[in-house]
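The values are calculated or read from the model by the stated rules, or taken from the named source; none is laboratory data. On a predicted model such as this, the values are computed, not experimentally measured, just so you know. Here the Cβ positions follow ideal geometry from the backbone for every residue, glycine too, while neighbour counts run over all protein chains shown. Heavy atoms of the whole protein, side chains included, go into the accessibility calculation; ligands, DNA and RNA do not. Shrake-Rupley method; radii C 1.70, N 1.55, O 1.52, S 1.80 Å.
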Amino acid sequence: MSIVRIGIIGLGYVGLPLARLFATKYPVIGFDINPKRISELQSGIDSTLEVNKDDLKEVIKDQPPSKIGLFCTDNQEILKDCNYFIITVPTPVDRINRPDLTPLYKSSETVGQFLKKGDIVIYESTVYPGVTEDECIPVLEKVSGLKFNEDFFAGYSPERVNPGDKKHTIDKILKVTAGSTPEVGKKVDALYASVITAGTHLASSIKVAEASKVIENSQRDINIAFVNELAKIFNLMDIDTHEVLEAASTKWNFLPFKPGLVGGHCIGIDPYYLAQKAQEFGYHPGIILEGRRMNDGMGKYVSSEVVKLMLQHDLKVKGAKILILGIAFKENCPDVRNTKVVDVINGLKSYNADITIYDPWAEPAEVLREHSIETTNQIPTDLFDAVVLAVSHNEFLTLDLRAMLKPGGVLYDVKSVYKGKVDGRL
């Protein structure tokens with residue numbers, strides 16, 4: 001290859017920051033099937049808030065660049081001149097938590113139309129070991145008519161984006177890389193090393209790189225499940241869980257995990273990918289699935305704790321006005337995919353409570369589309385029987401939550417960040 005021309009397929013939380021970074025050094029085509037998203041990006045607007053307007057406008061071009069820069073499009077034909085294709089589409093699970101590879105299949109079909117001899121296709125989507133070579137490569141071969149590892153090659157570099165984190169940005173997180181041959185591995189590694197200031201780690205195979213990613217989030221999921229179980233135990237014993245964790249953290253090798261709702265597009269999903277593959281080999285991954293069971297049940301647990309708290313304060317639950325602060329899956333981020341706050345809301349609605357959801361970060365139209373739930377970006381002026389701090393957005397930390405309560409109302413702090421007196425928390 002002479003000039004590196006990169007095509008990024010999928011311009012979401014992972015693809016856009018990567019495209020912007022590569023565009024500081026290479027000509028990049030960013031492809032996404034959402035025309036509204038493309039129009040916004042070409043205007044310098046990122047609704048995910050992962051790339052600021054100045055940084056985006058610095059690289060955006062009004063036509064495919066010849067040297068450096070980023071051109072965003074929903075016209076797949078513009079990908080034809082690329083020789084590196086990087087696929088960054090989401091890998092969700094279906095309603096019964098089975099891995100859904102549909103976005104990967106469709107993206108592979110798109111790329112397959114434009115593959116040429118010598119091209120390299122790199123996958124960043126989180127998958128179980130074997131997906132790249134066993135599931136995606138056959139699609140590329142079928143659509144392109146080319147032979148894998150003879151005519152075209154593959155790589156894998158798992159995404160490590162942390163939505164909302166402005167400190168650990170994509171260039172500051174060490175990148176794992178891998179290639180379908182040793183030579184291609186070096187090329188993939190060199191490509192990422194040219195823009196990732198934190199450095200790279202070249203794995204021996206694509207399967208090793210795939211496995212490394214899926215266990216990162218499985219490990220976090222299991223650790224959070226452990227402290228969620230501790231929270232349930234200590235609540236029964238009337239012991240403050242966070243005081244216990246604070247005391248235990250004085251030991252140098254104690255892991256500082258906190259109880260809470262585990263949602264989002266990584267930790268709440270990735271363990272199912274590893275569990276699925278393990279079961280295909282006849283192994284039942286008990287610890288992984290038990291961790292998922294514990295964390296998936298925390299939304300229902302929180303709602304029951306709120307109801308219990310209200311009854312203890314002689315508050316009527318049916319028809320009660322309850323304010324939920326936050327619906328995004330994490331603080332200071334607009335992402336509402338797989339948010340477990342929805343489970344808290346549904347739990348309280350089952351008691352016929354009157355629920356108001358306020359989140360200054362989440363777009364109401366997106367929440368309605370994703371979860372069929374109405375929300376607001378405006379601070380409610382009503383008074384409530386109960387306020388539930390579900391997400392610790394910065395905007396909530398300075399609110400006088402007590403002033404939002406009716407006399408005798410209760411405050412439940414899911415995140416245990418409110419410095420004032422609370423009536424209940426995990």
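Between I3 and E246, the modelled label-to-label distance comes to 6.0 nm, taking each label 7 Å out from Cα in the direction of the beta carbon. Within the range 354-426, the GluC sites (Glu not before Pro) that combine a DSSP coil assignment with at most 14 other C-beta atoms in a 10 angstrom radius are E374.
The antiparallel fraction among DSSP beta bridges confined to the range 116-255 stands at about 20%. When the alpha carbon coordinates of the chain are projected onto the principal axes, the ranges are 73, 49, 39 Å, largest first.
Would the range 1-117 count as rounded, prolate or oblate if I go by the C-alpha gyration tensor, calling it rounded below 1.5 in a/c and otherwise prolate when a/b exceeds b/c, oblate otherwise? Because a/c hits 1.5 or more and a/b fails to exceed b/c, the range 1-117 counts as oblate.
R293 sits with roughly 140 Å² accessible to a 1.4 Å probe, with DNA, RNA and ligands left out of the calculation. Shown for the range 282-426 is the translational diffusion coefficient from the Stokes-Einstein equation, using the Kirkwood radius over Cα pairs, a temperature of 25 °C and a viscosity of 0.890 mPa s: 157 µm²/s. For the range 259-358, a Kirkwood hydrodynamic radius built from all Cα pairs, placed in the Stokes-Einstein relation at 10 °C and 1.306 mPa s, yields a translational diffusion coefficient of 106 µm²/s. When the P(r) of the range 213-285 is calculated, the portion above 21 Å amounts to 40% of the C-alpha pairs.
For the range 77-170, a Kirkwood radius taken over Cα pairs fed into Stokes-Einstein (37 °C, viscosity 0.692 mPa s) yields D = 232 µm²/s. Looking at the range 276-426 alone, DSSP beta bridges between its own residues are antiparallel in about 0 percent of cases. Taken along the Cα-to-beta-carbon direction at a fixed 7 Å, the label points for I68 and T381 span 5.1 nm.
Quick one: grab the alpha carbon gyration tensor of the range 44-96, order the square roots of its eigenvalues as a ≥ b ≥ c, and give me rounded if a/c is under 1.5, else prolate or oblate depending on whether a/b is larger than b/c.
Details: a/c = 2.63, a/b = 1.30, b/c = 2.02.
Judged from the Cα gyration tensor, the range 44-96 comes out oblate (a/c at least 1.5, b/c at or above a/b).
To the nearest ten degrees, helix 182-193 and the longest principal axis of the Cα atoms of the chain are 60 degrees apart. Taking the Cα centre of the chain as origin and assigning +1 to Lys and Arg Cβ atoms and -1 to Asp and Glu Cβ atoms, the resulting dipole is close to 280 debye. Once the Cα-Cα distance is subtracted from the 0.36 nm per residue extended length, the K36 to K419 segment shows a gain of 133.8 nm. Between the range 74-117 and the range 183-248, the C-alpha centres lie 26 angstrom from each other.
At a 1.4 Å probe, what is the % contribution of carbon and sulfur to the accessible area of the range 17-139?
Numbers: 2570 of 5400 Å².
That fraction is 48 percent.
Once the Cβ-Cβ distance between H313 and I215 is put in as r, and R0 is 45 Å, what FRET efficiency do you end up with, to the nearest 0.05? Walk me through the numbers before you get to the answer.
On the way: r = 44 Å, r/R0 = 0.97.
Approximately 0.55, to the nearest 0.05.
Is the C-alpha gyration tensor of the range 11-65 telling us rounded, prolate or oblate? Criteria: a/c under 1.5 is rounded; beyond that, a/b larger than b/c is prolate, otherwise oblate. The shape class here is rounded. Can you tell me the orientation of helix 102-112 relative to the chain, as the angle in degrees between its alpha-carbon axis and the longest Cα principal axis, to the nearest 10? Tilt relative to the chain: about 20 degrees.
When ligands, DNA and RNA are left out and all protein chains stay put, how many square angstrom of accessible area per residue does the chain have with a 1.4 Å probe? Intermediate results must be reported in sequence, preceding the final value.
Values: 19500 Å² over 426 residues.
Each residue of the chain exposes 46 Å² on average to a 1.4 Å probe.
Model label points for D400 and E363, set 7 angstrom from Cα along the Cα-to-Cβ axis, are 3.5 nm apart.
Think of the chain as having a plus end and a minus end, set by charges on the Cβ of Lys, Arg, Asp and Glu; of N253, A320, L104, N253 sits farthest toward the positive end of this dipole.
If you plug the beta carbon distance of S47 and V208 into 1/(1 + (r/R0)^6) with R0 = 41 Å, you get a FRET efficiency near 0.70.
Taking each pair of different alpha-carbon atoms in the range 379-421 once, compute 1/r for the pair, average those values, and report the inverse of that mean as the Kirkwood hydrodynamic radius in Å to one decimal.
10.6 Å
Considering only T48, T169, T250, the Gaussian network model of the chain with Cα springs below 10 Å gives its largest mean-square fluctuation to T250.
Under 12 Å Cα-Cα from K340, which aspartates and glutamates qualify once same-chain neighbours fewer than 8 residues away are excluded? Qualifying aspartates and glutamates at Cα under 12 Å: D296.
Rounded to the nearest 10 degrees, the inclination of helix 206-236 to the longest alpha-carbon principal axis of the chain is 0 degrees. How many percent of DSSP beta bridges within the range 45-191 run antiparallel, rounded to 5? Within the range 45-191, antiparallel bridges account for around 25 percent of the total. Build a GNM of the chain with springs between Cα atoms under 10 Å apart, and of G263, G44, G299 the one that fluctuates most is G44.
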